[in-house]
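Structure first, then comments.
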Amino acid sequence: MPQSHEPSEKPTACLALADGTLFFGHGFGATGETVAELCFNTAMTGYQEIMTDPSYAGQVVTFTFPHVGNVGVNAEDDEANEPVAAGMVVKWDPTEPSNWRAASELTDWLTRKGRIGIGGLDTRRLTRAIRQQGAPHVALAHDPSGNFDVAALVAKARGWSGLVGLDLAKDVTCAQSYRWDETRWAWPDGYGKREGAGLRVVAIDYGAKRNILRCLASAGCDVTVLPATATAEDVLALEPEGVFLSNGPGDPAATGAYAVPMIRGVLEKDLPVFGICLGHQMLALALGAKTIKMNHGHHGANHPVKDVESGKVEITSMNHGFAVDSQTLPNGVLETHVSLFDGSNCGIRISDRPVFSVQHHPEASPGPQDSFYLFERFAEAMRARRAA
């Protein structure tokens with residue numbers, strides 16, 4: 001029987017699940033309503049990077065770590081121009097920032113950016129429900145007066161179509177091409193700038209995080225970013241030495257309608273190709289594999305992934321609700337990485353060509369940097385091709 005979890009004081013926010021379960025709490029950030037899929041993220045830091053990660057389009061994020069807001073927000077940590085996640089759920093109301101890099105408070109930032117937050121919820125119970133029953137469709141409402149039409153909110157959650165079959169890459173991609181030369185953040189100077197001639201890389205933006213582009217630049221790449229809908233002709237006209245396929249949101253099968261023909265056209269030219277997250281799934285689809293919707297996905301900065309070829313275990317950052325079905329990989333395409341949580345596919349490569357991709361996020365932001373070597377592997381493949 002669905003339960004209502006309501007605090008003793010009058011609530012100012014309500015989270016309504018499609019099964020009729022209601023969670024009441026304290027609203028912060030913008031007022032109004034939003035409908036999305038609910039996921040949980042286990043990262044212990046990086047809430048700003050998570051909220052601005054374009055891969056979270058169409059999702060409300062439950063943060064399992066209770067201390068949210070304590071480092072404030074600042075423009076340097078944005079992974080996109082605006083927050084993309086639909087809203088956030090936290091156990092404790094956001095605290096005032098106590099960090100030298102803070103430029104403003106999280107609650108004020110959310111208000112300005114039009115994103116809803118709800119605090120005071122039992123996030124442990126909510127996370128268990130997501131794990132056991134799958135990522136639910138939800139309606140999240142914030143009203144300072146505390147007036148909620150709960151029946152209407154449940155109806156909106158039930159009426160939402162969900163992420164399956166939904167192409168969201170076209171909503172978060174860039175409007176036009178641009179160059180990128182900013183490198184990774186380093187103490188004490190902050191972000192750097194790549195100078196001189198570099199390896200010509202075309203990056204396809206399905207919802208690219210800025211830190212991925214910084215990692216490419218730090219690995220010596222001269223990066224040109226193209227929109228998600230770019231054709232093979234658009235890509236090859238720039239005479240790239242390598243092609244990068246970025247992360248992004250939504251159903252990979254839907255995005256594949258236009259991405260797969262482009263990738264196949266690029267593969268005909270025998271160029272090094274590197275994909276991350278949705279880019280990994282796009283490459284797999286282009287090679288003939290299939291993708292599947294996961295029960296609750298992988299979202300966090302503490303996911304163990306095994307490199308099956310070396311035996312090395314890497315702690316990684318992840319954010320995905322779909323996965324490549326390893327049982328559908330064709331001959332000549334090898335599985336290179338697997339999740340030690342559930343055995344799901346986390347990496348592939350073509351057996352005789354420098355074409356590879358991973359499900360996890362080697363750029364971290366937030367998270368560990370165990371997998372940064374993949375950017376260097378991509379750069380080395382381009383240098384080897386140049387020298388041949």
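Worth a mention:
- The range 290-299 - phi-based ³J(HN,Hα) in whole Hz, Karplus 6.51/-1.76/1.60, Gly and Pro as x: 10, 10, 9, 7, 8, 4, 9, x, 10, 9
- Working note: Debye formula, equal point scatterers on the alpha-carbon atoms of the range 8-164, no solvent; log10 I(q)/I(0) at q = 0.09, 0.12 Å⁻¹ is -0.25, -0.45.
- Dividing the summed helix terms, -39500 (n - 2.57) for each DSSP H run of n ≥ 4, by the number of residues in the chain produces a 222 nm estimate of -6500 deg cm²/dmol to the nearest 500.
- Computed label-point distance, nm, for sites GLU268 and LYS113 using a 7 Å Cα→Cβ extension: 4.1
- Here, the range 98-180 yields an orientationally averaged convex hull projection of 10.0 nm² when only Cα atoms define the hull.
- Zero-based 5 Å bins, Cα pair distances in the range 279-388, whole percents: 2, 12, 23, 24, 21, 12, 4, 1, 0, 0
- Accessible surface of the range 236-388, 1.4 Å probe, proportion on carbon and sulfur as whole %: 50
- Trypsin sites (Lys or Arg not before Pro) restricted to DSSP loop in the range 278-357 with at most 16 other C-beta within 10 Å: LYS312
- DSSP assigns beta bridges within the range 243-388; of those with both partners inside it, close to 75 percent run antiparallel.
- Close Lys-Lys pairs in the chain, where close means Cα under 19 Å and separation is 8 or more or interchain: 4
- Most mobile listed residue (PHE63, PHE322, PHE341) in the chain, GNM with C-alpha springs under 10 Å: PHE341
- Across all directions, the average flat footprint of the convex hull enclosing the Cα atoms of the range 130-175 is 5.6 nm².
- For the chain, the solvent-accessible area of protein heavy atoms averages 41 Å² per residue (probe radius 1.4 Å; ligands and nucleic acids excluded).
- Expressed in units of 2.2 N^0.38 Å, where N is the residue count, the Cα radius of gyration of the chain is 0.98.
- In the chain, Cα pairs under 8 Å separated by at least six residues give a relative contact order of 15 percent.
- For the range 92-192, the Cβ-based charge dipole about the Cα centre amounts to some 440 debye (Lys, Arg positive; Asp, Glu negative; other atoms uncharged).
- Top of ALA301, ALA186, ALA129 by mean-square fluctuation, Gaussian network on the chain, Cα under 10 Å: ALA186
- Pairwise FRET efficiency - LYS10 versus PHE341, Cβ, R0 = 51 Å, nearest 0.05: 0.80
- Gaussian network model of the chain, springs between alpha carbon atoms under 10 Å - residue of PRO330, PRO362, PRO94 with greatest fluctuation: PRO330
- Beta bridge orientation in the chain: antiparallel %, DSSP, nearest 5: 60
The values are calculated or read from the model by the stated rules, or taken from the named source; none is laboratory data. A quick note: this is a predicted structure, and the numbers were derived from the prediction, not measured. Glycine also receives a Cβ, built like all others from the backbone with ideal geometry; neighbour counts cover every protein chain displayed. Just so you know, the surface numbers come from the protein's heavy atoms only, side chains and all, with ligands and any DNA or RNA stripped out. Shrake-Rupley method; radii C 1.70, N 1.55, O 1.52, S 1.80 Å.
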